[in-house]
Every structure is written in structure tokens, then in C-alpha cells.
1. Carbon and sulfur atoms: what percent of the 1.4 Å accessible area of segment 37-195 do they account for?
2. What does the charge add up to near A152, with Lys and Arg as +1, Asp and Glu as -1, over the other residues with Cβ less than 14 Å from its Cβ?
3. With a 1.4 Å probe and all protein chains left in place, how much accessible area per residue does the chain have, in Å²?
4. Per the helix-only calculation at 222 nm, which mean residue ellipticity applies to the chain, given -39500 (n - 2.57) for every DSSP H run of n ≥ 4 and division by its residues, nearest 500 deg cm²/dmol?
5. Give me the net charge of T102's neighbourhood, meaning all other residues with Cβ under 12 Å from the Cβ of T102; Lys, Arg count +1, Asp, Glu -1.
6. Mind ranking I34, I24 by accessible surface for me, highest first, 1.4 Å probe?
7. What percentages make up the Cα-Cα pair-distance distribution of segment 28-121 when the bins are 5 Å wide from 0?
8. Where nothing but the Cβ of Lys and Arg (+1) and of Asp and Glu (-1) is charged, how large is the charge dipole of segment 49-177 around its Cα centre, in debye to the nearest 20?
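The values are calculated or read from the model by the stated rules, or taken from the named source; none is laboratory data. Keep in mind it's a predicted model, so treat the numbers as computed, not measured. Cβ coordinates were reconstructed from backbone atoms using ideal geometry, including for glycine residues, and neighbour counts include every protein chain displayed. For accessibility, only protein heavy atoms count, side chains too; no ligands or nucleic acids. Shrake-Rupley method; radii C 1.70, N 1.55, O 1.52, S 1.80 Å.
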Amino acid sequence: LAGVALLAVVGIGMNVLLGLSGQISFGHVAFYAIGAYAVAILSTRVGLSFWLAWPIGIALCAALGGLLALPALRVKGPYLAMVTIAFAFVVEHAIIEAPSLTGGQSGIMGVEAPSLGALVQGERAVALLALASVAASLAFYAWLSRGTWGAAMRAVRDSEVAAESLGMNPLVTKAVAFAVSAALTGAAGGLFAPL
């Protein structure tokens, strides 16, 4: 149940990127890994609770998504796909080549699952959080797609030239879509870590 819910959150994030703004990313799994490793490292190595580590991981993914978008979105079509795939390979190799921080190929074990009170702990708590994340992500997507940013993303997707003539900045609009999508993917990854 938790796995299905986490994939649904990733799908909602991809819908922001692909559906609303028309951008292709084949390397979004990197943000899933960054979110998971951020929560794992911050909770096991730094000693933060899950409730502090999870938002930090989400913010890190959003920031990295925005930074990746700046150079990546200056290219189009298959070149954008290649840049995102390359980013995923860089993240994968960075995780493997830093065993003292990330555990290398073995990963990080013993990540504490969050607690939702005395009765709901462990995997059940993660599953409930994942379901709540799906509901929150769907509500956020509905709000975003009906709002000004959603209209701007659709306008940029349909015609960048027309969007620019209306005063929109296509690069900023696409970068925001990339950052939001990366944040949602990182949120799912952060919840995956305790599993």
C-alpha cells in the first residue's frame, strides 16, 4: 500500500512536469534517491528526527530541481532527456562512490520509521503518511493546475513565443515546474527511506 501511494505521489509530480509544462525528464529517479538518502543521512548520521529530516529532504530536492532546470531547460526534446538521464547517473555514482556517507551499494540501514502516536508506528505509520501525501499532492495539483501558475505552465507548454508575448518568462515557469515536480518526487523518496 505504501509503495503504491509513493508511486502515485511521484506520478503527480511527473504530471506537473510533463502534463502541465510539457517537459520530459527520464532522470527523476535521482530526486527520489536524493529524498531517501537525505532522510536516511539526516536521521541516522546527524540525529534529526524524521519530522525534521523529511522537510529538509523535500526542500533539497526542490532546490536541486530548480538548479538542474536552469541549464537543462535551455535545450529541447531529446537533449533535455539526455541531460536528465545524465543527472540520474551522476547521482547514482555519487551515492555508490561515497560509502562513508551513503553506505555505498549497501545503502543505509536502520532508518527509524516515523510514529503517529503510540498505536501507529513503523510501516503502518509510513503507509498512512504515504496515503496522506497522495491526498495532499492531489489537492495541491488541483490548486496548481487551476491557478495562475498552472495557466502559465500550459501556456508555455503550448507556445513559448505566445507566452513570452503575454509577459511570461518561459524559463522561470519551466524551472518552477521542475522544482515542484522534484519536491514531490523527493517527498516520496523521503517516505521510502524508513521502508
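1. Ligands and nucleic acids excluded, carbon and sulfur reach 68 percent.
2. Neighbourhood net charge equals +1.
3. Value returned for the chain: 49 Å² of accessible area per residue.
4. -23000 deg cm²/dmol
5. Surrounding charge for T102 is -1.
6. The ordering from most to least exposed comes out as I24, I34.
7. Per 5 Å bin, starting at zero, the Cα-Cα P(r) for segment 28-121 comes out as 3, 13, 19, 20, 17, 12, 8, 5, 2, 1, 0 percent.
8. That gives segment 49-177 a dipole magnitude of about 360 debye.
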